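Report on the following structure.
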Amino acid sequence: MKKRSILLLVCSLLLSGCGAKSDKEIKSTPSTKQTVGQINEIDIKKLSPTLEITEANGLVKMKYSLRNDNKISANFTFPSSQTVDFTIKDESGQVVYESSREMAYAQVITNVAVPSGKTQVWEEQVNFVDKKLPNGNYEITANIVASKVNEKDLNGEIKPVTETVTYKKVS
């Protein structure tokens, strides 16, 4: 009888220990959505825009480049087929050209992927002779018009880039 009592007591103690709370914190594992979000996270500071301007015989070529130095692809969403807005101002600050006003773009959501370690280039040209623009210095600004990158709202986080070009009419 004494052996049974001791056995019963030991079993009771073992079973009561199974439901005891531990002082250690239980860490939850991230959901699939959280994990995918972390993998898809892009560092905006690792997207490097540049602007290159060339002018020959009144034809100004604007080349906007965006380099992706992230370890993942940068998937941009644009609200239309326009990807970059080029603006040209004369020496007085007057806008003499703005692609968003002078060009027609399809009103369709457009997606562009820039792979990791690669550069995407967009080009546009303006004929200063046809626009009858005078000699002078012109400030050209390029601004990517994407609304999102990897499903993250951009809110203007990729800053516009500006360069100056000197135009002289050929006689």
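Since S116 meets every condition but one in (1) closer than 16 Å to S48 by Cβ; (2) touching a residue at least 60 places away in the same chain (Cβ under 8 Å); (3) open to solvent by less than 60 Å² (accessible area, probe 1.4 Å); (4) not in a strand (DSSP E or B), which condition does it not meet?
Evaluating S116 over (1) closer than 16 Å to S48 by Cβ; (2) touching a residue at least 60 places away in the same chain (Cβ under 8 Å); (3) open to solvent by less than 60 Å² (accessible area, probe 1.4 Å); (4) not in a strand (DSSP E or B) leaves (2) as the failure.
Can you name the residue in the stretch 121-162 that is among the acidic types (D, E) and closer than 19 Å to K45 by Cα and is also most open to solvent (accessible area, probe 1.4 Å) among such residues? Explain how you work it out, then say what you get.
Our first condition is that a residue be among the acidic types (D, E); within the stretch 121-162, this holds for 123-124, 130, 139, 151, 153, 157.
Imposing the further condition that a residue be closer than 19 Å to K45 by Cα reduces the set to 151, 153, 157.
Values: E151: 136, D153: 81, E157: 82 Å².
Restricting to residues being among the acidic types (D, E) and closer than 19 Å to K45 by Cα, the top hit is E151.
Scan the stretch 99-107 and tell me whether some residue there is at pLDDT 95 or above and part of a strand (DSSP E or B).
no
In the stretch 83-111, what count of residues is obtained for those that are of a type in the set (A, V, I, L, M, F, W, C) and farther than 22 Å from I53 by Cβ? If you could, list the steps in order and put the result at the bottom.
Keep residues of the stretch 83-111 that are of a type in the set (A, V, I, L, M, F, W, C), which gives 84, 86, 88, 95-96, 103-104, 106, 108-109.
Going one step further and asking which of them are farther than 22 Å from I53 by Cβ, we end up with 104, 106, 108-109.
Total satisfying the criteria: 4.
The values are calculated or read from the model by the stated rules, or taken from the named source; none is laboratory data. Given the structure is predicted, the values throughout are model-derived calculations rather than measurements. Virtual Cβ from ideal backbone geometry, glycine too; neighbours counted across all protein chains shown. Remember, those area values only see protein heavy atoms, side chains included, never the ligands or the DNA or RNA. Shrake-Rupley method; radii C 1.70, N 1.55, O 1.52, S 1.80 Å.
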